[in-house]
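Here's the structure, in structure tokens; my notes come after.
The values are calculated or read from the model by the stated rules, or taken from the named source; none is laboratory data. If you're wondering where the values come from, they're calculated on a predicted model, not measured in any experiment. Please note: Cβ atoms are built from the backbone with ideal geometry, for glycine as well, and neighbour counts cover all protein chains shown.
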């Protein structure tokens, strides 16, 4: 048995298989997930697990080169926007529609139980060397 870190086997597999510039999305409970993209559904009930909990766990195991969030988050969900900034620093802003379009190219989408608006992020994997 794994001693710590992320215990979800599906999420562990995806993170370990990611290469440079692969895209992993962490989503709220409502983001539409394209049928052709792998879904890792962690949602148990409203708010569990939270977007913040999942983001922190993934950042502890994934090298992130850049990140994208919806422009709308700044006005509609500033608390989550501030939390993202505190964890990642600089992020790039795109429209929510652009985020949904890019989601078709994701390696996987991790669905959380988050039920606050625009709590979605695209993480672009980096390299550790």
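Can you tell me how many residues in region 70-89 are under 18 Å from residue 124 (Cβ atoms) and outside any helix (DSSP H, G or I)? Step through it out loud before you land on a result.
Here is the first cut: in region 70-89, the residues under 18 Å from residue 124 (Cβ atoms) are 70-71, 73, 84-85, 87-89.
Of the ones still in play, those that are also outside any helix (DSSP H, G or I) are 70-71, 89.
Result for region 70-89: 3.
Screening the candidates 91, 127, 110, 54 for the property of being within 15 Å of residue 24 (Cα to Cα), surrounded by fewer than 17 Cβ atoms within 10 Å (Cβ to Cβ) and touching a residue at least 24 places away in the same chain (Cβ under 8 Å) yields one hit, 127. Please go through (1) touching a residue at least 40 places away in the same chain (Cβ under 8 Å); (2) assigned to a helix (DSSP H, G or I); (3) within 21 Å of residue 115 (Cα to Cα) for residue 31 and return the number of the only condition it doesn't satisfy. All conditions are met except number (2). Against the definition (in contact (Cβ under 8 Å) with a residue 12 or more places away in the chain, surrounded by 14 or more Cβ atoms within 10 Å (Cβ to Cβ) and farther than 25 Å from residue 93 by Cβ), how does residue 43 come out, yes or no? Criteria met by residue 43.
Count of region 90-110 residues, restricted to those that are in contact with a helix residue (DSSP H, G or I) (Cβ under 8 Å, 6 or more places away or on another chain), under 20 Å from residue 13 (Cβ atoms) and not in a strand (DSSP E or B), is 1.
Going by what's in this entry, would residue 67 be described as in a loop (DSSP other than H, G, I, E, B), modelled with pLDDT of 95 or more and crowded, with 16+ Cβ neighbours inside 10 Å? In short, no. Screening residue 87 against (1) closer than 25 Å to residue 11 by Cα; (2) in contact with a strand residue (DSSP E or B) (Cβ under 6 Å, 6 or more places away or on another chain) leaves a single unmet condition, (2).
Report whether or not residue 34 is over 13 Å from the mean Cα position of the chain (by Cα), closer than 19 Å to residue 11 by Cβ and surrounded by fewer than 18 Cβ atoms within 10 Å (Cβ to Cβ). Judged against the criteria, residue 34 is a match. Restricting 42, 24, 11, 31 to those that are touching a strand residue (DSSP E or B) at 6+ places or on another chain (Cβ under 9 Å) and under 22 Å from residue 129 (Cα atoms) reduces the list to 24.
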